[in-house]
Amino acid sequence: MTVARTPLLSVKDLTKHFGGKHSLLGKPRPIIPAVDAFSLDIHAGETVGLVGESGCGKTTAGRTILRLLEPTSGSVHFRSRTYAEARGPERADVVAADSNELRLLRRDMQIIFQDPYSALNPRLTLASNVGEPLRANKMGNRGERRERVAELLERVGLAPEMMDRYPHEFSGGQRQRAVIARALTLDPSFVVADEAVSALDVSIQAQVLNILLDLQASRNLAFLFIAHDLAVVKYVSHRVAVMYLGRVVELSPTDELFADPRHPYTEALMSAVPPPHRRKRPPRITLAGDVPNPAAPPSGCHFRTRCRYAKDRCVSESPALREIRPGHLAACHYAEKLTLRPASVR
Amino acid sequence: MSLLLDVADLSVSFRSGRGRVPALRGVSLSVKKGQTLGVVGESGCGKSLTALAVMGLLPVPDSGIDGGSIMLRTGGSESDLTKTNSARRHRGKDMAMIFQEPMTALNPSFTIGEQIGEVLRRHEHLGRQAAQERSIDLLRSVGIPAPESRIKLYPHELSGGMRQRAMIAIAIACAPALLIADEPTTALDVTIQAQVLDLLRSLQSQLGTGILFITHDMGVIAEMADEVAVMYLGTVVEKGPTASILERPAHPYTQGLIRSVPTIEMSRELRLTPIAGSVPSLSRAPSGCRFNTRCPHAFEKCREQEPPMHVLDGSQQAACWLAGEL
C-alpha cells in the first residue's frame, strides 16, 4: 500500500448531531454529538477497522460517510469510476451530491448490514434480493441479471441453484453471504462492513472473513470494517481507528496499534479481551463505570472520567488527535510519555 | 470434590409438525461444588436447552424430557429435577439463572427493587422493609453505585451493564448453590464484560457457588471455566479440564472451533481454517457421528455408528472413533 497516491475516500471533520430542536410537547431535546470531527483517508484495496464500545458512534460514522445519514458538517470526497464516466471529474463531493449524483456514487460505495435477518426482503427471492441493485439502476434484462446473481452467489460460496428460494429458507450464515453478494452486485470499490460477521457462529464467521479477504485481494476492494471484536478487526485490517464517545482517539497501522498503543482507552479495550488460552498474562485493566451520557460528555478529554492516568490538564483541555509517529495518531496529552501495555505479550 | 449437579444421559425432544425431533440426546455433564463448568457450542447445539431442562423451564407442552436424570445435591439431600414440580421447589432458592439479554429477562413494568424483593419475600419470607434493605445490600455487592436510589429505577433506566448486574443480584439473592449463566456477557461490550466476569468470580469465591457457564466465546471459557463440555447438535462431543481441552482438543469439532477463532496474537498472514459447511437442522441430523458431514477425518464407520465417549489420559473424554489419534 503506497501512501503517496490520492486516497480513494477522504473524510474531513465529519460531524453528525442527533436531537436538538423541540419534542412534540415543546420540550427542548438535547443535542447528541454522535460523531465529532471524524477525519479519515482510505486507499484503494485497504481495510480500515473501526472499533469502540456500543454507542461510540462507529455505525453512525459509517452511515454518514455513505450519506445514509445527512452529515451536520464536514466533507466526504470519493474517487468514483461510475461518477467520472457520467460527469467527468473523478473526485466527487459526496456531501454536496444531489440525488442523481448520489445514485451514481452508490454504485461504487456500498454497505453490508449487521443483521442478516432484517437486511433481506423476506418477500423477495434470493435472486431478486441480490439483483435488486441492478434493477434499481436499470441495468441488464432479466436473463442478464440472473446470470450476474449466479456469478455473485458462487463467489460468496452459495450454490446458484438456491437463487429462487426465499430468505427464510436459509441459515444466518447463508443469509449474511447473500447480503455480502448484494453489496458486491454493482462491483463497488468501497464497502462499509458494519458488524458484518458479528451475528454469525464462529465456524461460519471464519468462512465469511475468508470470503471478504479473498474478494479484497481479487477486486482491490477497500473496506471500512466496523466491529466490536478486536481479534476479528486485527485479523482483517491494515489500519485501525479507535472511537470513544463520538471521537477518534487513536488511529494507527494495525500491528503497531496492538504492539504499542498510545491512548489509555486503547490499552484498556485490548486488555479487556480474554485470550482463548490459559497462558500467563498480566492482570486485566478494568475500566470503572459505564460510557458517560453522550448528550453531556465530560469536559476536556472525553475519556478522563474512566482513565487511570488522568491529570488536571485532561479536565480543562481537550486533546487534539495528533501524529505521534508517522501514520500513528493519538488524542492524548501524554501519548508520548505514558508506558502502556501492548495487547500481545509475546 | 463433590458433585453439585449431575446430569446423566438426558434426552429432550420437541414436538413438530413431522413428529418428535430429538433436541438433546444422552447429554451427561456435571458441575462440582464451587467450580465452573463451561458449556460451548454454536447456535442450535442444545446448550441453552440443557440449562432450561435443569431449571425446569422447558417450554410446555411443545417439549419434554424423554429420559435421563438431573440430580441436584444441596444441603445433604438429593433430588431429581426431572420429576414433576421438583425443579420449581429449588428454583430461585438453590439454583438461579442469569439470562443473555437482561432487557427481555427483567420485567419492564416493575422497579429493580421490586424484582429483587420478590425473590426474597417468596423464598426467605422477608417483609417489605427487610426485603428492601437486603435488595440495597445486594445491589451494592454487585457493584451498582448509589443503590438506595437505583432500586427505584425501572430496567429501561439502567445501562446494559447495570441491568446485567441487577439480574445477577436477583440470581444471587438467596445465595444459591448453583448458578446457571446463559451467555451472560454476550450482549455486553468487552470492557463491561470484563467487569461482569470479575464480579461473577468474586461472588463465586465468597459464596462457594457452582456455575454452569454457557458461552460461545473460547476466551471467556479460558478465563472462567475449570472444566469444559463441548456440544454439537444435541450431544456432548468432548469434555474435560479446561487447560487440556484448549491445548490438546481431541475431537475434530473442538479442534475446528478453536482454529476458527482469530486471536489478537495471530498475524494477518495466517489464514483461518473454518469448519466446512454449516450445522444441519436437528430434524435432518446425520446418522452415526453427528459431526460426520463436516468432519475432515470422517470415514465409513463414522457414518454408520455413533461413537461412544472415549476416555483419554486424565479426565478428558471425546466422542470420536479417532480420539487420541488426531
- prompt: Tell me, which residue of region A:100-138 that is without any contact (Cβ under 8 Å) to a residue 40 or more places away in the chain and not charged (D, E, K, R) is surrounded by the most Cβ atoms within 10 Å (Cβ to Cβ)?
  reply: A:Leu105
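To keep it simple, each residue is scored yes or no on (1) among the aromatic types (Phe, Trp, Tyr); (2) crowded, with 23+ Cβ neighbours inside 10 Å; (3) at pLDDT below 90.
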| position | (1), (2), (3) |
| --- | --- |
| B:Ile112 | no, yes, no |
| B:His125 | no, no, no |
| B:Ala130 | no, no, no |
| B:Glu133 | no, no, no |
| B:Ser141 | no, no, yes |
| B:Tyr154 | yes, no, no |
| B:Gly160 | no, no, yes |
| B:Ala166 | no, yes, no |
message: Please go through region A:156-206 and give me each residue that is open to solvent by less than 10 Å² (accessible area, probe 1.4 Å) and out of contact with any helix residue (DSSP H, G or I) (no Cβ under 8 Å at 6 or more places or on another chain), ordered by number.
response: A:Val179, A:Ala183, A:Pro188, A:Phe190
query: Quick check, is B:Ile180 among the hydrophobic types (A, V, I, L, M, F, W, C), farther than 28 Å from A:Asn293 by Cβ and open to solvent by less than 20 Å² (accessible area, probe 1.4 Å)?
result: yes
- line: Of the conditions (1) touching a strand residue (DSSP E or B) at 6+ places or on another chain (Cβ under 6 Å); (2) open to solvent by 10 Å² or more (accessible area, probe 1.4 Å), the single one that B:Cys45 does not satisfy is (2)
message: Condition first: open to solvent by 20 Å² or more (accessible area, probe 1.4 Å) and not charged (D, E, K, R). Now tell me which residues in region A:249-265 satisfy that.
response: A:Pro253, A:Ala259
task: From (1) in contact with an Asp or Glu (Cβ under 6 Å, 6 or more places away or on another chain); (2) assigned to a loop (DSSP other than H, G, I, E, B), pick out the condition that doesn't hold for A:Ile285.
output: (1)
Scope region B:227-251; condition within 11 Å of another protein chain (Cβ to nearest Cβ), open to solvent by 10 Å² or more (accessible area, probe 1.4 Å) and over 30 Å from A:Pro261 (Cα atoms); matching residues: B:Pro241, B:Ser244
- line: B:Thr254 fails exactly one of (1) within 13 Å of another protein chain (Cβ to nearest Cβ); (2) assigned to a loop (DSSP other than H, G, I, E, B), namely (2)
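Each row is one residue, and each column tells you yes or no for (1) within 22 Å of A:Asn137 (Cβ to Cβ); (2) charged (D, E, K, R); (3) surrounded by 17 or more Cβ atoms within 10 Å (Cβ to Cβ); (4) touching a residue at least 24 places away in the same chain (Cβ under 8 Å).
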{"position": "A:Gly49", "(1), (2), (3), (4)": "no, no, yes, yes"}
{"position": "A:Ser75", "(1), (2), (3), (4)": "no, no, no, yes"}
{"position": "A:Arg81", "(1), (2), (3), (4)": "yes, yes, no, yes"}
{"position": "A:Glu85", "(1), (2), (3), (4)": "yes, yes, no, no"}
{"position": "A:Asp98", "(1), (2), (3), (4)": "yes, yes, no, no"}
- prompt: Is it fair to say B:Leu207 is under 28 Å from B:Lys93 (Cβ atoms), more than 8 Å from chain A (Cβ to nearest Cβ), open to solvent by 50 Å² or more (accessible area, probe 1.4 Å) and not charged (D, E, K, R)?
  reply: yes
field: Yes/no for B:Ala298 being within 13 Å of chain A (Cβ to nearest Cβ) and among the aliphatic types (A, V, I, L, M)
entry: no
task: Can you work out which of the residues in region B:257-294 that are open to solvent by 20 Å² or more (accessible area, probe 1.4 Å) and charged (D, E, K, R) is farthest from the other protein chains (Cβ to nearest Cβ)?
output: B:Arg284
Residues within region B:130-173 that are among the charged types (D, E, K, R) and within 25 Å of the chain's Cα centre (by Cα), tallied: 2
field: Flag if B:Val54 is in contact with a Cys (Cβ under 7 Å, 6 or more places away or on another chain) and part of a helix (DSSP H, G or I)
entry: no
message: Can you tell me which residue is nearest to A:His228 (Cα to Cα) among those in region A:58-73 that are open to solvent by less than 50 Å² (accessible area, probe 1.4 Å) and in contact with a Lys or Arg (Cβ under 6 Å, 6 or more places away or on another chain)?
response: A:Thr60
query: How many residues, within region B:187-216, are at pLDDT below 90 and not in a helix (DSSP H, G or I)?
result: 4
query: When you go through A:Arg341, A:Arg313 one by one, which is the residue that is of a type in the set (Lys, Arg), part of a helix (DSSP H, G or I) and away from every other protein chain (no Cβ under 11 Å)?
result: A:Arg313
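The values are calculated or read from the model by the stated rules, or taken from the named source; none is laboratory data. Nothing here was measured: the structure is a model prediction, and the numbers come from that model. Please note: Cβ atoms are built from the backbone with ideal geometry, for glycine as well, and neighbour counts cover all protein chains shown. Note: accessible area is taken over every heavy atom of the protein model, side chains too, but ligands, DNA and RNA are not part of it. Shrake-Rupley method; radii C 1.70, N 1.55, O 1.52, S 1.80 Å.
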